[in-house]
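Peer 1: I'd like to ask some things about the structure below.
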Amino acid sequence: MKENYLFKNTIQTEEELRSIIGFPSELVNNKVITYLDKHCLEFISKSPFVVISTSHEFGFCDVSPRGDKTGFVQVLSEKQLVIPERPGNKRIDSMRNILSNPRIGLLFFIPGLGETLRVNGKATLVTDDELLDNMSFKEKRPLLGIGVEVDECFIHCAKAFKRSRLWEPNSWTDKALLPSAAKIIFEHAKLPNTSVDSIQKRLEEGYSKRLY
């Protein structure tokens with residue numbers, strides 16, 4: 001492993017940053033809205049995947065994915081939405097962050113579409129029976145919901161997806177060459193009486209029996 005690289009030239013001010021990046025166009029500045037209009041509603045209704053960004057009161061950040069059947073995020077009004085919380089690994093990083101700092105950023109994806117929808121706002125953890133019942137799947141309600149009060153939303157362009165060719169199957173790495181999650185967990189956790197195979201079986205059991 002190499003030693004840490006010493007960054008010799010760093011940017012300290014927005015003025016320095018602007019001298020390199022420049023300024024957004026009038027179109028970019030004006031595309032931000034403060035509510036969920038019909039276009040945002042359609043986007044969310046077709047999205048099976050959203051990434052959640054949170055940080056705790058001291059600024060430590062976390063990014064966490066949420067995925068479910070298409071349109072799983074429930075829109076309550078033009079200023080409110082709710083994300084169902086299904087069973088996970090119980091680290092509850094995002095939710096612990098929300099308890100100390102309600103600011104949240106969301107990035108909605110639609111498979112095959114390069115553009116994404118960004119939504120920023122304030123989050124709260126909700127346990128309303130009626131809301132959770134409405135988000136039940138296979139007769140199982142979410143454990144709770146992440147409610148979001150929308151402050152701003154806008155479409156993000158597709159340049160990152162075009163550069164990465166994310167949705168192009170012919171650019172994907174052969175499955176046989178992909179990293180093994182079980183092997184990574186085994187080597188990171190270093191728990192006694194475990195093996196790569198036992199962790200793989202544990203993962204597969206969770207995927208098949210504890211999605212909801």
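Peer 1: Limited to region 9-39, what total is found for residues that are touching a residue at least 12 places away in the same chain (Cβ under 8 Å) and among the aliphatic types (A, V, I, L, M)?
Peer 2: Adding up the residues that qualify gives 3.
Peer 1: Shifting gears a bit: Please go through region 123-145 and pick out each residue that is outside any loop (DSSP other than H, G, I, E, B) and touching a helix residue (DSSP H, G or I) at 6+ places or on another chain (Cβ under 9 Å).
Peer 2: Selection gives A123, T124, L125, V126, L144, G145.
Peer 1: Being farther than 18 Å from P87 by Cα and in contact (Cβ under 8 Å) with a residue 40 or more places away in the chain is the filter here; which residues of region 40-71 pass it?
Peer 2: C40, F43, I44, K46, S47, S53, T54, S55, H56, E57
Peer 1: Among the candidates I104, I98, single out the residue that is closer than 22 Å to I155 by Cα, open to solvent by less than 30 Å² (accessible area, probe 1.4 Å) and at pLDDT 95 or above.
Peer 2: Checking each option against the conditions leaves just I104.
Peer 1: Could you list all residues from region 97-139 that are of a type in the set (G, A, S), out of contact with any Lys or Arg (no Cβ under 9 Å at 6 or more places or on another chain) and in contact (Cβ under 8 Å) with a residue 24 or more places away in the chain?
Peer 2: Matches in region 97-139: S100, G112.
Peer 1: Among (1) assigned to a loop (DSSP other than H, G, I, E, B); (2) within 30 Å of T34 (Cβ to Cβ); (3) out of contact with any Gly (no Cβ under 9 Å at 6 or more places or on another chain), there is one condition P192 misses while meeting the rest; what is its number?
Peer 2: (2)
The values are calculated or read from the model by the stated rules, or taken from the named source; none is laboratory data. Computed from a prediction, not measured in an experiment: that's the story for all the values here. No Cβ is skipped: glycine too gets one built from the backbone with ideal geometry, and neighbour counts run over all protein chains shown. Accessible surface areas use protein heavy atoms only, side chains included; no ligands, DNA or RNA. Shrake-Rupley method; radii C 1.70, N 1.55, O 1.52, S 1.80 Å.
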